[in-house]
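Colleague: Encoded as structure tokens, here's the structure I'll be asking about.
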Number of protein chains: 2
Amino acid sequence: MHEFQFFTDRVNLAAGVAYLVDDDFKHAVKVLRKKEGDQILLFDGKGMKYGAVIEDIGKNVAECRILFVEEEKVPDTPIVSVGFGVVKSGALTEIIRDATALGVRRFCPVAMKNSVVKSVNIQRLKRVAIESVKQSGGSIVPEILDVVRLEKWFEIVQDAELKLLAYQSAGVTLRNFLKDRSELNSVAIIFGPEGDFTHEEVKKAVDNGFVPVKLINQRLRSNLAVVSAVAYIMYHFYREVES
Amino acid sequence: MHEFQFFTDRVNLAAGVAYLVDDDFKHAVKVLRKKEGDQILLFDGKGMKYGAVIEDIGKNVAECRILFVEEEKVPDTPIVSVGFGVVKSGALTEIIRDATALGVRRFCPVAMKNSVVKSVNIQRLKRVAIESVKQSGGSIVPEILDVVRLEKWFEIVQDAELKLLAYQSAGVTLRNFLKDRSELNSVAIIFGPEGDFTHEEVKKAVDNGFVPVKLINQRLRSNLAVVSAVAYIMYHFYREVES
């Protein structure tokens, strides 16, 4: 159960092969010194696991023959999408790492008026997410979207059954708002940047169906706000998975 | 509201004076270059704030005359005590910093069989807690106890109305266990070290009134387990504070 797993998104199931590249190739071949003929466990980040044997090790890629396929039992919790004002790189890394471990399925940095930082290294964040899925023994790698404008975020999550905006000046608390809601398939929540949302951004979000909710009384650092609110949502909608 | 506050636990209210020492002295005098005659805001970490004027700056201490006293409105949430298996210094710092910001009132590192680390720098953790209270705009500095044995922890929190043990093999989830509980004055929760509780430790805790509860399905790093569970408890018991 605790066996090491390598991530790959290059699986050709019809041909029965999968390819290890990038970090996972390096980790398997350079660090763990895996050889041709060794058996390894792969996961595709979408809920599938593969037992495989390494057939051919090239300079940057290892070709693996798939021996068996296993479908992971995925927790039956709502799909949570998290949008956040672009914050500094360290905070961003923590948000992705921790909220991935808690089971968030989609992240989207959103350009906002009070964001200090303007650009984001999405590739790096994707690696952080894959690493976090491995560490937490999960099977689903969340989607990490490129930075978008607020209007685009509204479009992306327009079908979410519940849309929340984390805002300390809100009239209702996250707890009270969720109290009587327990059966849901999708939740979207958006957090402001360090400088918080502008009034105009809040208004736009409300016009697009978002409900402002306050968290707790204290001021929380960006990633603690995200992690604590996401934790609350995840625990609130938690359903047992048979193992 | 966002004004900088200096921490002091050396207040003589009868004499109308307070003393700034240690980090807060350095910060006020060396970093912010406060002079005699400057007005500053102090807080004692127990819910009191003081407006004061610096009267005398010595080598390691600044004497301040108290001008006015203000009692903070403290959120009417249960007093949460967190015990945790001694973990590595970095994780410990994050636990104290984040769980303090969420409003935990007492921390206690507990020596357990599977703790890798054996000693803890309590003074350093106290500074981390004070810093976190300042950052989060809180007013209560949590108590940080010295490392104790498990039996001692049971004594310390024996009067808590609800006692929880965070354990992934538990039969009931934190969510389900808390569902119908909303009026409580005190909660104690204990987390294992990196190597988890031994079966014997779990049994001892149960004998002492602790209820094992599981968090979510994923494996969580020590501090993410603490922060997410504490966040859930805090949001669950959240009550409005008039401001």
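The values are calculated or read from the model by the stated rules, or taken from the named source; none is laboratory data. Worth saying up front: this structure is predicted, and the values here are computed from it rather than measured. For neighbour counting, all protein chains shown are included, and Cβ atoms are generated from backbone atoms with ideal geometry for every residue, glycine included. With ligands, DNA and RNA removed, areas are computed over all heavy atoms of the protein, side chains included. Shrake-Rupley method; radii C 1.70, N 1.55, O 1.52, S 1.80 Å.
Colleague: Using the 7 Å Cα-to-Cβ label point, sort the distances from A:Glu151 to its equivalents in the other copies shortest first and give them in nm to one decimal.
Modeller: 7.0
Colleague: How would the stretch B:5-71 be classified by its alpha-carbon gyration tensor: rounded, prolate or oblate, with rounded meaning a/c under 1.5 and the a/b versus b/c comparison settling the rest?
Modeller: Working: a/c = 1.65, a/b = 1.44, b/c = 1.15.
Cα axes put the stretch B:5-71 in the prolate bin.
Colleague: Follow-up. Over all residues in B:97-105, what is the mean tally of Cβ atoms on other chains that come within 10 Å of each residue's Cβ? Could you put the intermediate results ahead of the total?
Modeller: Numbers: counts 2, 6, 1, 1, 8, 6, 3, 0, 0.
Mean inter-chain Cβ contacts per residue within 10 Å come to 3.
Colleague: Further question: Could you name the aspartates and glutamates whose alpha carbon sits less than 18 Å from that of A:Lys30, not counting residues in the same chain fewer than 8 places away?
Modeller: A:Asp22, A:Asp38, A:Glu55, A:Asp56, A:Glu63, A:Glu131
Colleague: Under 18 Å from the Cα of A:Lys179, which aspartates and glutamates turn up, not counting those fewer than eight places away in the same chain?
Modeller: Within the straight-line cut-off, A:Lys179 pairs with A:Glu161, B:Asp180, B:Glu183, B:Glu240.
Colleague: Residues of the stretch B:94-124 with amide nitrogen under 15 Å from the 7 Å Cα-to-Cβ point of B:Glu200?
Modeller: Within reach of a label on B:Glu200, which here means backbone N under 15 Å from a point 7 Å along Cα→Cβ, the stretch B:94-124 contributes B:111-115.
Colleague: Let me ask something else. Report the accessible area of B:Asp146, computed with a 1.4 Å probe over the heavy atoms of all protein chains in place, in Å² rounded to the nearest 10.
Modeller: For B:Asp146, solvent-accessible area is about 100 Å².
Colleague: Another question about this same structure. Summarise the accessible area of the protein assembly as shown (1.4 Å probe, protein heavy atoms) by the percent that is carbon and sulfur.
Modeller: Values: 10860 of 22860 Å².
Carbon-and-sulfur percentage of accessible area, whole number: 48.
Colleague: Oh, and also: Given the rule -39500 (n - 2.57) for each run of at least 4 DSSP H residues, summed and divided by the residues of chain A, what is its mean residue ellipticity at 222 nm, to the nearest 500 deg cm²/dmol? Mind showing how you got there, number by number?
Modeller: On the way: 7 runs with 68 residues, N = 243.
Helix-only estimate at 222 nm: -8000 deg cm²/dmol.
Colleague: For the stretch B:64-112 and the stretch A:47-72, compute the distance between their C-alpha centroids and round to whole Å.
Modeller: Computed from Cα coordinates, the inter-centre distance equals 47 Å.
Colleague: Mind checking the dipole of chain B: about its Cα centre, +1 per Lys or Arg Cβ, -1 per Asp or Glu Cβ, Debye to the nearest 20?
Modeller: Details: 33 positive and 33 negative charges, 174 e Å.
The calculated dipole for chain B is roughly 840 debye.
Colleague: Please label the shape of the stretch A:144-189 as rounded, prolate or oblate, based on the square roots a ≥ b ≥ c of the eigenvalues of the alpha-carbon gyration tensor (a/c under 1.5 means rounded; beyond that, a/b larger than b/c means prolate, else oblate).
Modeller: Numbers: a/c = 2.89, a/b = 1.47, b/c = 1.96.
Oblate is the answer for the stretch A:144-189, as a/c is 1.5 or above yet b/c matches or exceeds a/b.
Colleague: Which shape class, rounded, prolate or oblate, goes with chain A when its Cα gyration tensor gives a ≥ b ≥ c as root eigenvalues, a/c under 1.5 marks rounded, and past that a/b bigger than b/c marks prolate?
Modeller: Working: a/c = 2.58, a/b = 1.90, b/c = 1.36.
Cα axes put chain A in the prolate bin.
Colleague: Within a Cβ distance under 12 Å of B:Leu224, other residues only, what is the Lys/Arg minus Asp/Glu net charge? It would help to have the intermediate numbers written out before the result.
Modeller: Working: positive: A:Arg97, B:Arg219, B:Arg221; negative: A:Glu94, A:Asp98, B:Glu94, B:Asp98.
Summing Lys/Arg as +1 and Asp/Glu as -1 gives -1.
Colleague: What is the angle, in °, between the Cα long axis of helix B:122-136 and the longest principal axis of the Cα atoms in chain B? Nearest 10 is fine, range 0 to 90.
Modeller: Approximately 70 degrees, to the nearest ten.
Colleague: Go through B:Lys26/B:Lys49; B:Lys163/B:Lys203; B:Lys26/B:Lys88; A:Lys118/A:Lys163 and tell me which ones have a Cα-Cα distance over 18 Å in this structure. Present the calculation step by step, with values, prior to reporting the outcome.
Modeller: On the way: B:Lys26/B:Lys49 20 Å; B:Lys163/B:Lys203 14 Å; B:Lys26/B:Lys88 28 Å; A:Lys118/A:Lys163 25 Å.
Over 18 Å Cα-Cα: B:Lys26/B:Lys49; B:Lys26/B:Lys88; A:Lys118/A:Lys163.
Colleague: Also: Using only protein heavy atoms and a 1.4 Å probe, report how much of B:Lys118 is accessible, in Å² to the nearest 10.
Modeller: The value for B:Lys118 is about 140 Å².
Colleague: For a label point 7 angstrom out from the Cα of B:Lys49 toward its Cβ, which stretches of the stretch A:201-235 have the backbone nitrogen within less than 18 Å?
Modeller: Correct set: A:217-220.
Colleague: Report, for B:Arg124, each distance to the same residue's label point in the other copies, shortest first and in nm; define the point 7 Å along Cα→Cβ.
Modeller: 2.6
Colleague: Which distance in nm do the two modelled labels at A:Asp76 and A:Val21 give, with both placed 7 Å along the Cα-to-Cβ direction?
Modeller: So the label points at A:Asp76 and A:Val21 sit 3.7 nm apart.
Colleague: Order B:Phe68, A:Phe84, most accessible first, counting only protein heavy atoms with a 1.4 angstrom probe. Could you put the intermediate results ahead of the total?
Modeller: Details: B:Phe68 90, A:Phe84 5 Å².
Largest accessible area first, the residues go B:Phe68, A:Phe84.
Colleague: What is the distance in Å between the Cα centres of the stretch A:2-38 and the stretch B:138-192?
Modeller: Centre-to-centre distance over Cα atoms comes out at 42 Å.
Colleague: Collect residues whose amide H, placed 1.01 Å from N in the peptide plane, falls under 5 Å from the amide H of B:Asn114; neighbours closer than 5 in sequence don't count.
Modeller: B:Thr198
Colleague: Take every residue in peptide A:206-217, count the Cβ atoms of other chains within 10 Å of its Cβ, and give the average of those counts.
Modeller: That works out to 3 on average.
Colleague: What is the sum of charges around B:Gln158, taking Lys and Arg as +1, Asp and Glu as -1, for the other residues whose C-beta is under 12 Å from the C-beta of B:Gln158?
Modeller: -2
Colleague: Same structure, new question: Where along chain A is the Cβ that lies nearest the axis linking it to chain B, and how many Å separate them?
Modeller: Looking at chain A's Cβ atoms against the axis toward B, the nearest is A:Ala231, 2.
Colleague: Still on this structure: What ranking, highest mean first, results for peptides B:97-104, B:191-198, A:214-221, A:21-28 when packing means the other Cβ atoms within 10 Å averaged over each residue? List each step's numbers first, then the result.
Modeller: Values: B:97-104: 25.2, B:191-198: 19.5, A:214-221: 21.6, A:21-28: 17.1.
Top to bottom by mean Cβ count within 10 Å: B:97-104, A:214-221, B:191-198, A:21-28.
Colleague: Hey, for B:Glu200 with labels 7 Å out along Cα-Cβ, what do the inter-copy distances come to in nm, ordered shortest first?
Modeller: Result for B:Glu200, in nm, nearest copy first: 6.6.
Colleague: Among B:Val172, B:Val31, B:Val120, which one moves the most in a GNM of chain B with springs linking Cα atoms closer than 10 Å?
Modeller: Looking only at B:Val172, B:Val31, B:Val120, the largest GNM fluctuation is found for B:Val31.
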